[in-house]
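The structure under discussion appears below in the form of structure tokens.
The values are calculated or read from the model by the stated rules, or taken from the named source; none is laboratory data. These numbers were taken from a predicted model, which means no experiment stands behind them. In this analysis, Cβ positions are derived from the backbone assuming ideal geometry, glycine residues included, and neighbour counts consider all displayed protein chains.
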């Protein structure tokens, strides 16, 4: 029996595997790279061994170091998770040769299923429908071109050793065939250390359905029903769900039969996923993933099984422990992946510190590999978490997931939360009229922009919080007061409100004008000329109750040197604060001398002595604490004297310029 397991992975899947080990009374040991020494999976598992440098070749892909870590900690077995070494037959073989148990398929199973070309050959032997194309994998560019020229576009060039949607290129015409082949082979080599390609007819706008199977290594194979993963971006899965409700009973039966037949053919051991494309009433074998899938939680939620526990049971020789008749499907489940990435920048991976992250607890299962304060590294996959919902029906599961994404809060690092929020409300998604081309077509017109009305409300909350955080007691200057609000107002000589600062959210800027604050701490302000009355009270843990004149909202907010982050009513804004400072100070409103609001560097001087200026005209720009301070004239006049120049470091309250009023 397995007593101690080394988890040869990181992030959310390492945390996920360790929880099952704990439930089974099995000790878990983590591994980590230099970049991951303070990561969540290390903290959560506790017992951990350093593998090496941040690069995967020095750590998570170093077979010798992983096995030595298991031996040095007296582990009985190694669980590879997904990705990294999970489908590497040499690793599985080395684990067994070291006298350890590999919690996954045997090395020979990985060779026959993990390579796309070999898996396709097995499917042909099992008389399962396959996609037309090359008979096997090819590494000669000329031979690849010869095969392509016998086919009609669109044509798929696919990395034979690939996985996870990577290493795939669609040819819609043959005008740049030589360059396309070279690019596909280069990408395959970089990603999988193998430039061999498969050539297949590209089946457009199909449904992508996969069948989860499990085998005991003796020829006994069961299926755990199917999952749908048609919502993909560039062939990479974004949303997964179970079951695939569009399938007819007869077609579903064929998929189960073919998937199990393929597993029986090689007496498969462990967990695997047989993937198909479905077009009309036809289905075509796509590939096999002989490992635990990222989307395994949706299968767990509809079957009630723990798939990691099943993997461990099979690996230690205890068999499946259940028959096909024992497995019952109930309800519906849907999963989305929360990534640190920038949808507005073509989904470029994002890095940096997670200033605050929080997930809902009602009706949502969360598999996360990060906490508040963790850093997202550039070395590894940027997935932060998976959110999975379940319900009696697809509609109920979808509504719960929509609400769960709305309530998810991530401050400090770019992420795809807003993208997922919008995607789950696309009409075709809600009505299950999707295929593998749906998401890419929708993205043509997608913009990562928040709702304007929601942004105004959030800007009002941000302005109130920022003002309350940055005032000093004992000053007549409202910008400097702290503690309880007192009755004061900021009015120009003609009783018009004065703009205090700007809030910038990407390319959108919100002008904030503070009008007054009453004894109950209710702030009257203008946000781009829209008047708000808002009272914000802390509820603890970055939670606030924002009381507007006609409504109340719960909000999560964080103020730091990056600005003000606000999450309310499912919308999230990150505002950079740009103070607009001039001689607006209450105690010197009519003074001609304009002073520095805080210590900083002068980076722009936009006027000369003798210049005539208008009220609101930008005079000087300073930089302090990574913020730009825009210093303006509040009245018409003439610049009588300049006391600074570009590059000067000036003290707080230093006079910068005199403007004689006209």
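Matching residues to (1) surrounded by fewer than 18 Cβ atoms within 10 Å (Cβ to Cβ); (2) outside the structural domain of residue 509 (by TED's automatic domain parsing); (3) touching a residue at least 40 places away in the same chain (Cβ under 8 Å):
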residue: 602; (1), (2), (3): no, yes, yes
residue: 620; (1), (2), (3): no, yes, no
residue: 636; (1), (2), (3): yes, yes, no
residue: 643; (1), (2), (3): yes, yes, no
residue: 649; (1), (2), (3): yes, yes, yes
residue: 657; (1), (2), (3): no, yes, yes
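Pick from region 438-472 the residues that are in a loop (DSSP other than H, G, I, E, B) and touching a strand residue (DSSP E or B) at 6+ places or on another chain (Cβ under 9 Å): which of them is surrounded by the fewest Cβ atoms within 10 Å (Cβ to Cβ)?
Residues of region 438-472 that are in a loop (DSSP other than H, G, I, E, B), as a first pass: 444-451, 470-472.
Restricting the remaining residues to those that are touching a strand residue (DSSP E or B) at 6+ places or on another chain (Cβ under 9 Å) gives 448-451, 470.
On the way: 448: 15, 449: 14, 450: 15, 451: 12, 470: 16.
Selected residue: 451.
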Selection count where residues are within 12 Å of residue 459 (Cβ to Cβ) and in a strand (DSSP E or B), scope region 519-553: 7
Number of positions in region 22-49 that are surrounded by 16 or more Cβ atoms within 10 Å (Cβ to Cβ) and not in a loop (DSSP other than H, G, I, E, B): 16
Residue 344, sole failed condition from (1) in contact with a strand residue (DSSP E or B) (Cβ under 9 Å, 6 or more places away or on another chain); (2) within 20 Å of residue 420 (Cβ to Cβ): (1)
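Restricting attention to region 30-50, does a residue exist that is more than 29 Å from the chain's Cα centre (by Cα), at positive phi and without any contact (Cβ under 8 Å) to a residue 60 or more places away in the chain? Give the steps one after another, and end with the answer.
First pass over region 30-50, keeping only residues more than 29 Å from the chain's Cα centre (by Cα): none.
No, region 30-50 contains no residue that is more than 29 Å from the chain's Cα centre (by Cα), at positive phi and without any contact (Cβ under 8 Å) to a residue 60 or more places away in the chain.
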Failed item, numbered, when residue 403 is tested on (1) more than 23 Å from residue 235 (Cβ to Cβ); (2) modelled with pLDDT under 95; (3) assigned to a helix (DSSP H, G or I): (2)
From 89, 80, 105, residue being modelled with pLDDT of 95 or more, over 14 Å from residue 2 (Cβ atoms) and surrounded by fewer than 24 Cβ atoms within 10 Å (Cβ to Cβ): 89
Test result for residue 19, touching a helix residue (DSSP H, G or I) at 6+ places or on another chain (Cβ under 7 Å) and either surrounded by fewer than 19 Cβ atoms within 10 Å (Cβ to Cβ) or without any contact (Cβ under 8 Å) to a residue 24 or more places away in the chain (or both): no
Qualifying positions in region 406-424 - over 15 Å from residue 362 (Cα atoms) and in a loop (DSSP other than H, G, I, E, B): 412, 413, 414, 415, 416, 424
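So for region 257-272 (the condition being within 32 Å of the chain's Cα centre (by Cα), buried (at least 24 other Cβ atoms within 10 Å of the Cβ) and assigned to a helix (DSSP H, G or I)), does at least one residue qualify? If you could, list the steps in order and put the result at the bottom.
We begin by selecting, within region 257-272, every residue within 32 Å of the chain's Cα centre (by Cα); these are 259, 270-272.
Of the ones still in play, those that are also buried (at least 24 other Cβ atoms within 10 Å of the Cβ) are 259, 270-272.
With the extra rule that they be assigned to a helix (DSSP H, G or I), the set shrinks to 259.
Yes.
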Test set (1) farther than 29 Å from residue 365 by Cβ; (2) at pLDDT below 95; (3) not assigned by TED's automatic domain parsing to the domain that holds residue 271 - residue 64 fails condition number: (2)
Number of positions in region 217-256 that are part of a helix (DSSP H, G or I) and surrounded by fewer than 16 Cβ atoms within 10 Å (Cβ to Cβ): 3
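Please specify each residue of region 334-367 satisfying the condition of being part of a strand (DSSP E or B), in contact (Cβ under 8 Å) with a residue 40 or more places away in the chain and out of contact with any helix residue (DSSP H, G or I) (no Cβ under 7 Å at 6 or more places or on another chain). Let's see the steps before the verdict.
Quick first cut of region 334-367, residues part of a strand (DSSP E or B) only: 334-339, 341-342, 348-349, 352-353, 356-358, 364-367.
So of that shortlist, the ones also in contact (Cβ under 8 Å) with a residue 40 or more places away in the chain come out as 334-339, 341-342, 352-353, 356-358, 364-365, 367.
The answer is 337, 339, 341, 342, 352, 353, 356, 357, 358.
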Test result for residue 97, without any contact (Cβ under 8 Å) to a residue 12 or more places away in the chain, outside the structural domain of residue 265 (by TED's automatic domain parsing) and under 35 Å from the mean Cα position of the chain (by Cα): no
Selection from region 142-162 of residues that are over 36 Å from the mean Cα position of the chain (by Cα) and not in a helix (DSSP H, G or I): 150, 151, 152
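Could you tell me whether any residue of region 75-91 is part of a strand (DSSP E or B), out of contact with any strand residue (DSSP E or B) (no Cβ under 6 Å at 6 or more places or on another chain) and either touching a residue at least 24 places away in the same chain (Cβ under 8 Å) or within 23 Å of residue 311 (Cβ to Cβ) (or both)?
Going through region 75-91, the residues part of a strand (DSSP E or B) turn out to be 77-79.
Next, from what is left, pick out any that are out of contact with any strand residue (DSSP E or B) (no Cβ under 6 Å at 6 or more places or on another chain): none.
Checking region 75-91: not a single residue is part of a strand (DSSP E or B), out of contact with any strand residue (DSSP E or B) (no Cβ under 6 Å at 6 or more places or on another chain) and either touching a residue at least 24 places away in the same chain (Cβ under 8 Å) or within 23 Å of residue 311 (Cβ to Cβ) (or both).
So how many residues does region 246-262 have that are closer than 14 Å to residue 280 by Cα and touching a strand residue (DSSP E or B) at 6+ places or on another chain (Cβ under 8 Å)? Steps first, please.
Our first condition is that a residue be closer than 14 Å to residue 280 by Cα; within region 246-262, this holds for 246-252, 254-255.
Okay, now just the ones that are also touching a strand residue (DSSP E or B) at 6+ places or on another chain (Cβ under 8 Å), so 246-247, 251-252, 254-255.
Going through region 246-262 one residue at a time, the tally reaches 6.
Within region 51-61, take every residue that is in contact (Cβ under 8 Å) with a residue 24 or more places away in the chain and part of a helix (DSSP H, G or I) and give me the one that is farthest from the chain's Cα centre (by Cα). Steps first, answer last, please.
Step one: list which residues in region 51-61 are in contact (Cβ under 8 Å) with a residue 24 or more places away in the chain, which gives 54-56, 58-61.
Add one more test, that the residue is part of a helix (DSSP H, G or I), and what stays is 56, 58.
Working: 56: 20, 58: 25 Å.
Among residues in region 51-61 that are in contact (Cβ under 8 Å) with a residue 24 or more places away in the chain and part of a helix (DSSP H, G or I), the one farthest from the chain's Cα centre (by Cα) is 58.
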